[in-house]
Structures are given as C-alpha cells and as structure tokens.
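First up is the structure itself, then whatever we jot down about it.
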Amino acid sequence: LRNAREQIKAIYEQPPSLAPHFRPIFDIPLEHRLKMGLQASEQWISLIKHQVKATHHNFKCLIRQHKSLKTHFRTMRCEARAQAKERQLPETPRKAHRRAVQAAVKEMKEKLYQKRR
C-alpha cells in the first residue's frame, strides 16, 4: 500500500500528458486518492499507465498520417511540372474542342454584359 501511495504521489507531482478524451488526473484530489484501498489504487495506477501508453500510441499514429510541409511542396512542384509538360504537348482534338467551347462561352458573356452597360 505504501508503494502504491508513493506512485500516486509521483503521478500527482509530475502528471503525464494524456489525450483529451481521458479523465484529468486532478478531477479527484490527492487526499481522496491516498485514502483508496490497495486494489483500487493499483487499478488506478495501471489505468493511468495504460492511458499514457494509449496517448503515446495515438500520437505516433497521428504523426505518421500527416505529411511534412516539404512533401506537400514537392507534390505541388511535381504537379506543376506535369501541367506545364501537358501544356507543351500538341493539342488533341478533344482539347481543341474544349478550348473552342471555352472561347465561345467567353465571347457570349462579353456580348451579354456589354448590352447591359
């Protein structure tokens, strides 16, 4: 029981950072924690250890999911290069038609909005 109480005091002196969905350590004051029985205090200590482990694991997973900013810029540069290369290729019939349609729409808009002015 003395060992468990020392561990509880150590946890309260240097509280670990836990994920926000876990209950804060200071919800229950230290005095009440020290009055708990041996089994309850050991269970609480093991619960805190598990929460610390789960928090650390979840943080590692989160970091693994996110890419660094350099990676995003690298991807954007590759994309820009691919688009530039695509622009240099000769026009396919589909591209020519699409550009002609876009030009026609632009002309129609200009005519429409000129009349209203």
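The values are calculated or read from the model by the stated rules, or taken from the named source; none is laboratory data. Please read all numbers here as calculations on a predicted model, not as lab measurements. Note: ideal-geometry Cβ built from the backbone for every residue, glycine included; neighbour counts use all protein chains shown. The protein model used for the area step is the full one, side chains on, heavy atoms only, and it has no ligands, DNA or RNA in it. Shrake-Rupley method; radii C 1.70, N 1.55, O 1.52, S 1.80 Å.
Values for this structure:
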quantity	calculated
Net charge over other residues, Cβ less than 12 angstrom from the Cβ of residue 101 (K, R count +1; D, E count -1)	+4
Dipole axis of the stretch 65-110 (+1 Lys, Arg; -1 Asp, Glu on Cβ), positive-most option in 66, 83, 103	66
By average C-beta atoms within 10 angstrom, highest first, the peptides 97-105, 82-90, 3-11	3-11, 97-105, 82-90
Charge tally in the Cβ shell below 14 Å around residue 55, where Lys, Arg are +1 and Asp, Glu are -1, residue 55 excluded	+4
Between helix 93-116 and the chain: long-axis angle, C-alpha atoms, 0 to 90°, nearest 10	80
Magnitude of the charge dipole, the chain, Cβ model with Lys/Arg +1 and Asp/Glu -1, debye to 20	1220
Cβ-derived FRET efficiency at R0 25 Å, residue 103 paired with residue 81, nearest 0.05	0.40
Under 30 Å between alpha carbons - lysine pairs in the chain that sit 8 or more apart or on different chains	19
Taking the C-alpha atoms of the stretch 21-74, convex hull volume expressed per residue in Å³	83
Calculated from backbone phi, Karplus (6.51, -1.76, 1.60) coupling profile of the stretch 77-92 in Hz, x at Gly/Pro	5, 4, 4, 5, 4, 5, 5, 5, 5, 5, 5, 7, 5, x, 6, 7
Rounded percent of accessible protein surface that carbon and sulfur make up, the chain, 1.4 Å probe	57
